[in-house]
Amino acid sequence: MGPTTATTLMHGFALARASSFASRLSAVVGRRASARTHDGRVAAIPVFSSRVRARGWNANAPWSRHAGRGVAVPARAASPAGGGGGGGGFLPDAPRNVPPPTPKRSGPRPTKKRFNGDDALAPRDVKEKRDEGMRLSKALAMLGVASRRGAEEIIFAGRVTVNGALVEQPQHAVSPSRDVIAVDGRAVDGGLAAESAHRYFALNKPKGYLCSNKPGKATTGIGENKLVLDLFEDYRAAWRKKHPGKLPPRLFTVGRLDVNTTGLLLVTTDGQWCQRVAHPSAEIVKSYVLTASARPTKAQVTRMAEGCVVDGRKVTPRRVESLENAKDGGPANRVLVDVVDGRNREVRELAAAAGVGVKKLKRVRVGGLRMPGELPLGKYMTLKPHQVAYVLDRGLANNERAGEETGRGMGKSF
């Protein structure tokens, strides 16, 4: 055999080895591609070594001579206790730490407890605060006898006794739950002490009613104007029937509307919330729709937007827009006015300064709460908690304003 023949045989042997290696490599790659599981992992691939397969060794174990050579062993069946997974020399998959499903609620939704200052006090402090009492004038107002100023007048007149003793100081400390308070010899009970929560109402105020606790002289017609709180007589009657022998809680009007103005008026038993909404520092926007006696000109609308002096102070409305092109189908002689100060007859003074005659004036929105279109004139409705929150929601108030600018939020014609 010559040198040429030997070289040819060596080349042929090398080609045969290379083709065998390539075929085995392609087989391994194909098996890996076909053995990929649904979650993206690669299952174990049977080894090619019959010796390893016969003895069942773990070729990937650290002590195995096959370790680090990419030799795989057959995947073992998952044990029932392990919950599946593992195999190929790996430990079984650990059980997943999945929380149990939330049970379905049965019955009414639980009422969330609202935080107040007493929640942060220790039981001893709560007891001391309850026993130290409150001012007598405040207690009479809470019991529904009169306002704080009216209660002070009753006390100074010598008409109030506490546990049988005459008291003439409004600052006298009493506890409505322990002391017996009497006015003109008759014990008083009820008011907010008998209520578990405050009440909030939305009233569609009619014309000819005063926002006051005392009747006054009528500005239109003959006689005296009726009071807004007279419209809540059925509420008081129902409360007395539920709490016999007790006085109903005192109602407050949140701000005021003059006797000739109609529309949305808030009424509540919560004096603090009433003060917060009505005070100008809260910057709660009130929207009014003014119906003029004639279609106002652009100059008059601009003049109203510039503001005027009311009660010795310059006031400027937040917005004054003509509703001539509103999409609610109402008359063209209307003007939308947004104010914050809430001074007496502010909108009427703005119109008078611009030479606009006022035919009708109606309040349609307070903060983010718009007057419900289904509320009849002279009727009231109890506000739900989310509706009470609408009043102080500035973001919702901005959304309502955007709807008014396009005419979509005006509802029915005013």
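Can you compute the modelled spin-label distance between K226 and D184, with each label point 7 Å from Cα toward Cβ, in nm?
Computed distance between label sites K226 and D184 equals 2.5 nm.
Please list, in chain and number order, the residues 5+ apart from V254 or on another chain whose amide H is under 5 Å from its amide H, with Hs placed from the backbone.
For V254, whose amide H was placed from the backbone, the distant partners under 5 Å are L266, V267, T268.
Across the range 102-110, in residue order, what do the Karplus-derived ³J(HN,Hα) couplings come to in whole Hz, using 6.51 cos²θ - 1.76 cosθ + 1.60 with θ = phi - 60° and x for Gly and Pro?
Running phi through 6.51 cos²θ - 1.76 cosθ + 1.60 with θ = phi - 60° gives 5, x, 5, 6, 10, x, x, 5, x Hz.
Name the long-range amide H neighbours of L323: under 5 Å, sequence gap of 5 or more, or other chain; modelled H, no Pro or chain starts.
Those qualifying (amide H under 5 Å, at least 5 residues apart or on another chain) are R334, V335, L336.
When the Karplus curve 6.51 cos²θ - 1.76 cosθ + 1.60 is applied with θ = phi - 60°, which whole-Hz ³J(HN,Hα) does each residue of the range 282-297 get, with x for Gly and Pro?
Using θ = phi - 60°, the values come out as 6, 6, 7, 7, 10, 9, 10, 10, 9, 9, 7, 5, 9, 5, x, 7 Hz.
What is the local net charge at F156, summed over the other residues whose Cβ is closer than 15 Å to its Cβ (Lys, Arg +1; Asp, Glu -1)?
Cβ neighbours under 15 Å give a net charge of 0.
Given the options M304, P248, L210, identify the residue whose Cα lies farthest towards the positive end of the charge dipole of the range 200-410 (+1 on Cβ of Lys, Arg; -1 on Cβ of Asp, Glu).
Positive-end residue among those listed: P248.
Sort 143-154, 97-108 for me by packing, meaning the mean count of neighbouring Cβ atoms within 10 Å per residue, highest on top.
By packing density, highest mean first, the sequence is 143-154, 97-108.
By how many nm would the segment from L25 to H243 grow when fully extended, if each residue of separation counts as 0.36 nm and the alpha-carbon distance is taken off?
Taking 0.36 nm per residue and subtracting the Cα distance, the gain is 69.2 nm.
With each label point set 7 Å from Cα along the Cα-Cβ vector, what nm distance links V98 and A353?
6.9
Give me the dipole magnitude in Debye, nearest 20, for the range 277-339 about the Cα centre, with unit charges on the beta carbon: positive for Lys and Arg, negative for Asp and Glu.
120
About the Cα centre of the range 200-410, what is the dipole size in debye to 20, counting +1 per Lys and Arg Cβ and -1 per Asp and Glu Cβ, all else neutral?
In debye, rounded to 20, the range 200-410 gives about 440.
What ranking, highest mean first, results for peptides 230-240, 347-357 when packing means the other Cβ atoms within 10 Å averaged over each residue?
Highest mean packing first, the order is 347-357, 230-240.
Quick one: what are the phi-derived ³J(HN,Hα) couplings along the range 235-248, Karplus 6.51/-1.76/1.60 with θ = phi - 60°, whole Hz, x for glycine and proline?
Residue by residue, the range 235-248 yields 5, 5, 5, 5, 5, 5, 5, 7, 10, x, x, 10, 7, x Hz.
Using modelled amide H (1.01 Å from N, peptide plane; none on Pro or chain starts), what sits under 5 Å from the amide H of D189, excluding residues fewer than 5 places away?
For D189, the qualifying residues are L247.
FYI, it's all coordinate maths here, none of it is from the lab. Because the structure is predicted, anything quoted here is derived from the model rather than measured. No Cβ is skipped: glycine too gets one built from the backbone with ideal geometry, and neighbour counts run over all protein chains shown.
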